[in-house]
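Data first, discussion second: the structure below is written as structure tokens.
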Amino acid sequence: MKKLRKAVFPVAGLGTRFLPATKAVPKEMLTVVDRPVIQYVVDEAREAGIEHFIFVTGRNKGVIEDHFDIQFELNETLKDRGKTEQLDLLDGMQPAAGTTSFTRQQEPLGLGHAVWCARDLVGDEPFALLLPDMIMQAEPGCMAQMAELYRETGGNVIGVQECDPAEAHKYGIVGRGEEKGAGFRITGMVEKPPKGTAPSNLYINGRYILQPTIFDILETQERGAGNEIQLTDGMLKLEKEEPFWGFHFTGEVYDCGSPEGFVEANVAIAMRKKELKARVVETVERLR
Ligand code: G1P
């Protein structure tokens, strides 16, 4: 079994659910408490042992590349002023030289197409895929737990969670088969099923470990739900040839692509910080 070394972050999305905030600032760069959303997602991948970080970007997303680069002027100024704590913080987050790659999805044709754009950078090895809207909170993190399951099962692994059945039409939904350790065999999947037709209430939560065979399938994948090239449709084809395992994630998840999820993430993450918790509780109490 090939080691899981690379992760793909499809960050080309327009962020239309979050206008006007995302008119000039990429949604992945919106700040949750003290760092941009994308930093949480990259840290989750790093915790899972990922060594190379591949970003599928688009126009107006250049600032993401800057965020993961060294800012020399800033570092020098911090050094001059003796701000070692801030320097250490930046150092600790800095991907090593040569461990990030950026490519562009030139047209907004859907998640399946965005993933396919990373094919040359991934090459012939398994890869993690992390949708950047979702901040997951758990110890160990969601991707670290999935990587552990992957070491037992091989094949492909998809993170799933339960949703309100009335919300199932908003997501990719999987069918649940035989249990294996922390996972279960996936028996079919459907992207955004029409209301009342979902095979279960287990939705795909935006974390995947996939084999590179998916790229050949995505190359010719026709458009599906929303007239977009859907990753779920490609995975459904691959499932005929290779096993897919579901990992039932039980931690917290915040969809930061929408104002509601973003506000919730800010409150939840601030509450985890000793220095902010009392202040947040006091503010909410005072205003409610
Ligand atoms: C995408 C995936 C879907 C998944 C969802 C999780 O949909 O296509 O299967 O359930 O992310 O957020 P999107 O949110 O891009 O419509």
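Please treat every number below as a calculation from the coordinates, not as lab data. Only a predicted model underlies this, so the values are computations on that prediction, with no experimental measurement involved. All Cβ positions, glycine included, derive from the backbone under ideal geometry; neighbour counts span all protein chains shown.
For residue 278, the test of being free of Cβ contacts under 8 Å to residues at least 40 places away in the same chain, over 20 Å from residue 157 (Cβ atoms) and out of contact with any strand residue (DSSP E or B) (no Cβ under 9 Å at 6 or more places or on another chain) is passed. Flag: residue 58 matches the condition of being in contact with a strand residue (DSSP E or B) (Cβ under 7 Å, 6 or more places away or on another chain), surrounded by 14 or more Cβ atoms within 10 Å (Cβ to Cβ) and among the small types (Gly, Ala, Ser). Considering region 173-184, and only residues there that are buried (at least 18 other Cβ atoms within 10 Å of the Cβ) and more than 13 Å from the ligand (Cβ to nearest atom), the residue that is farthest from residue 247 (Cα to Cα) turns out to be 184. Taking every residue in region 205-230 that is closer than 26 Å to residue 253 by Cα and among the basic types (Lys, Arg) and pairing it with any residue that is within 9 Å of the ligand (Cβ to nearest atom) and part of a loop (DSSP other than H, G, I, E, B), at least 6 positions away or on another chain, the pairs with Cβ-Cβ distances below 8 Å are 207/131. Residues that are away from the ligand (no atom under 13 Å from the Cβ) and surrounded by 15 or more Cβ atoms within 10 Å (Cβ to Cβ) number at least 3 in the following helices (runs of 4 or more DSSP H) confined to region 192-288: 213-219, 259-271. In region 96-122, the residues that are under 17 Å from residue 45 (Cα atoms) form Cβ pairs under 6 Å with partners that are part of a helix (DSSP H, G or I) and within 16 Å of the ligand (Cβ to nearest atom), at six or more places apart or across chains, as follows: 115/231. Taking the conditions exactly as written (touching a residue at least 12 places away in the same chain (Cβ under 8 Å), over 17 Å from the mean Cα position of the chain (by Cα) and surrounded by fewer than 17 Cβ atoms within 10 Å (Cβ to Cβ)), does residue 73 satisfy them or not? In short, no. Looking across 89, 19, one residue alone is closer than 27 Å to residue 257 by Cβ, more than 22 Å from the chain's Cα centre (by Cα) and loosely packed, with under 15 Cβ neighbours inside 10 Å. It is 89. Could you check region 131-172 and list, in sequence order, the residues that are under 18 Å from residue 250 (Cβ atoms), part of a strand (DSSP E or B) and within 15 Å of the ligand (Cβ to nearest atom)? Correct list: 134, 135, 136, 157, 158, 159, 160, 161, 162.
Checking each residue in region 1-56 for being of a type outside the set (A, V, I, L, M), free of Cβ contacts under 8 Å to residues at least 40 places away in the same chain, touching a helix residue (DSSP H, G or I) at 6+ places or on another chain (Cβ under 7 Å) and not in a strand (DSSP E or B) picks out only 26.
Across region 109-128, which residue is farthest from the ligand (Cβ to nearest atom) among those that are outside any helix (DSSP H, G or I) and surrounded by 14 or more Cβ atoms within 10 Å (Cβ to Cβ)? Among them, the one singled out is 126.
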